[in-house]
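The values are calculated or read from the model by the stated rules, or taken from the named source; none is laboratory data. Everything numeric in this text was worked out from a predicted model, so none of it was measured. Note that each Cβ is placed from the backbone with ideal geometry, even for glycine, and that neighbours are counted across all protein chains shown. Keep in mind that these areas ignore ligands, DNA and RNA; they rest on the heavy atoms of the full protein, side chains included. Shrake-Rupley method; radii C 1.70, N 1.55, O 1.52, S 1.80 Å.
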Amino acid sequence: MEKQQLIPHLFRTEYRKITSVLCKRFGIEHIEMAEDIASDTFLLAVEVWSYKGLPENPTAWLYAVARNKAKNQLTRNAIFSEKIAGELQLHSDRSVSEIEIDLSDENISDSQLQMLFALCHPSIPVEAQIGLSLRILCGFGIEEIADAFLTNKATINKRLFRAKEKLRLEKIRIVFPDEIEIDKRLETVLTTLYLLFNEGYYSESQNEVLRNDLCLEAIRLAYLLHENDKTNTPPVNALLALMCFHSSRFEARKSNNGEVILYDDQDESLWNKELIAKGMYFLSQASKGKLLSKYHIESSIAYWHTVKADSEEKWGNILQLYNQLLILEYSPVAALNRTYALSKVKGKMTAIPEAEKINLVNNHFYFMLLGTLYENVDNEKAKMNLQSALLLAKSDTDKQVIQKKLLKFEQVF
Amino acid sequence: MEEYILIFRHEDGQKVASPEQMEIWMKQTMDWIGSITAQNKFSGGNGLPFDDSRVVKPNGVVTNGPFGDIKETIGGYIIVKADSVDEAVEFAKGCPVLQGEGNSVEVRKIAKGDGVH
């Protein structure tokens with residue numbers, strides 16, 4: 001790998017490891033110090049490598065520098081020695097100069113997972129959880145995070161600052177939650193990863209690479225949970241399956257000029273078979289145990305969508321799964337999708353009155369559904385509904401899709 | 001918004017359905033509940049299995065199940081949110097239990113526990 005590419009690449013993969021290990025060592029109250037040391041390490045790498053050339057083992061070089069910087073920090077900072085290093089000595093009976101910074105694979109992986117639990121603590125708002133995870137555990141820049149959330153750097157900086165304050169105030173510990181607590185805490189972590197994935201999958205950001213990265217990072221973090229025995233639970237596997245099934249359609253859902261291609265119009269030969277196979281594997285792992293989480297249901301729905309051809313079996317199953325999902329947790333999207341599935345199973349004449357009862361008059365997806373259902377039943381009504389949808393749609397992508405549908409009506413009818 | 005309980009009354013609880021028939025009913029029931037849930041009007045519900053059922057009478061008399069001298073049984077219930085009893089009745093009309101002859105769905109308002117009811 002060329003040097004110009006190597007440093008950003010290493011930043012992505014190693015920054016989070018160094019930060020997690022240091023932060024775990026120092027405690028969450030010194031999260032900024034851990035970040036600073038990690039950043040300084042990379043700054044030094046850029047500087048030194050540009051005139052000395054690449055070291056033989058760049059990762060080992062980074063770890064060595066980070067380790068030294070951390071030790072120096074511990075030794076130099078007088079207040080710190082008193083407050084923290086003093087305690088460390090009590091616990092470990094070692095002098096400051098002997099303090100070990102453990103950058104072994106095992107400790108890196110444990111530290112990252114424990115950080116994930118700390119950052120996804122229920123005491124901080126979920127948006128801040130996602131932002132912090134992106135910064136600390138995915139090595140994203142503030143600008144990238146701002147881009148992903150469609151906001152500016154100042155807002156993100158403020159959000160992250162407040163979240164870190166909160167972590168400090170609450171004295172969140174960087175440890176694995178107790179066995180009795182772990183399922184509950186995992187729930188918050190999974191919600192964050194689910195939203196992080198959705199942020200990438202449904203984001204309005206035009207930055208395609210960034211959006212795919214968000215999804216891949218969500219998968220990577222979920223995979224960390226899968227790899228550890230303590231956190232390899234059925235819902236974790238179900239969420240991983242869901243992410244794999246959705247990601248399999250990445251290539252197929254955008255045309256060369258960046259337009260969205262809807263599911264029905266996608267070229268299924270572009271669907272990623274490897275990801276579908278992985279999804280099936282995780283789904284089978286998820287079926288161990290008795291717990292049926294919403295991720296189980298959603299990944300099963302996503303599984304049926306990897307079968308392109310319409311069949312009674314496919315839509316019958318999807319309808320039953322949406323029924324279950326709604327009973328478990330109502331959401332407008334699930335209500336609308338359920339009604340679409342109903343039209344596939346029982347026909348449009350049954351689905352139309354059911355759709356109209358949903359009556360979500362502020363939701364453009366509601367009118368898009370009615371537009372779809374009325375097509376070839378009452379084209380005037382179909383058009384009217386699509387026009388209502390267009391008025392309510394906020395994102396350019398959605399407007400594009402609706403306009404395309406409307407255009408079809410003008411031509412054909 | 002009020003809450004109403006829809007109680008499924010079966011005329012004869014001793015009838016045994018085939019597994020295939022049970023599966024069809026199950027699907028119909030899920031579709032019916034799904035439709036109410038899609039409107040965000042579903043509060044909860046449960047089936048009441050006949051196994052392990054008892055009837056307790058005065059003086060410590062306990063009989064196995066409600067199937068003896070009384071024929072009618074309750075098979076389950078759901079609780080819905082509705083603006084009026086009429087809306088709740090509309091939900092009840094779609095209940096698959098009504099396909100069985102003699103069966104009925106009883107619609108009752110749930111007291112709010114606000115000191116008035």
Only one residue in B:ILE36, B:ILE5, B:ILE24 is out of contact with any Ser or Thr (no Cβ under 8 Å at 6 or more places or on another chain), open to solvent by less than 50 Å² (accessible area, probe 1.4 Å) and within 14 Å of chain A (Cβ to nearest Cβ), so which one is that? B:ILE36
Of everything in region A:1-43, what is among the basic types (Lys, Arg) and more than 28 Å from A:LYS166 (Cβ to Cβ)? Give them in sequence order. A:LYS3
Consider region A:111-154. How many of its residues are in a helix (DSSP H, G or I) and either open to solvent by less than 50 Å² (accessible area, probe 1.4 Å) or not β-branched (Val, Ile, Thr) (or both)? 29
What number goes with the only condition from (1) away from chain B (no Cβ under 14 Å); (2) among the small types (Gly, Ala, Ser); (3) not in a loop (DSSP other than H, G, I, E, B) that A:GLY289 does not pass? (3)
Evaluation of A:ASN317 against (1) within 20 Å of B:GLN28 (Cβ to Cβ); (2) touching a helix residue (DSSP H, G or I) at 6+ places or on another chain (Cβ under 7 Å); (3) facing chain B (nearest Cβ under 9 Å) (one fails), failing number: (3)
Verdict on B:ASP114 being loosely packed, with under 14 Cβ neighbours inside 10 Å and within 13 Å of chain A (Cβ to nearest Cβ): no
Open to solvent by less than 40 Å² (accessible area, probe 1.4 Å) and either modelled with pLDDT of 85 or more or closer than 30 Å to A:GLU356 by Cα (or both): which single residue out of B:GLY102, B:GLY47, B:GLY65, B:GLY75 fits that description? B:GLY75
Options B:VAL97, B:VAL61, B:VAL56; residue that is without any contact (Cβ under 8 Å) to a residue 12 or more places away in the chain, over 23 Å from A:ALA334 (Cα atoms) and in contact with a strand residue (DSSP E or B) (Cβ under 6 Å, 6 or more places away or on another chain): B:VAL56
Mind checking which pairs have a first residue in region A:347-375 that is away from chain B (no Cβ under 14 Å) and more than 18 Å from A:ILE402 (Cα to Cα) and a second that is open to solvent by 30 Å² or more (accessible area, probe 1.4 Å) and of a type in the set (D, E, K, R), Cβ under 9 Å, 6 or more apart or different chains? A:LYS348/A:GLU375
Given (1) open to solvent by less than 10 Å² (accessible area, probe 1.4 Å); (2) modelled with pLDDT under 95, A:VAL236 misses just (2)
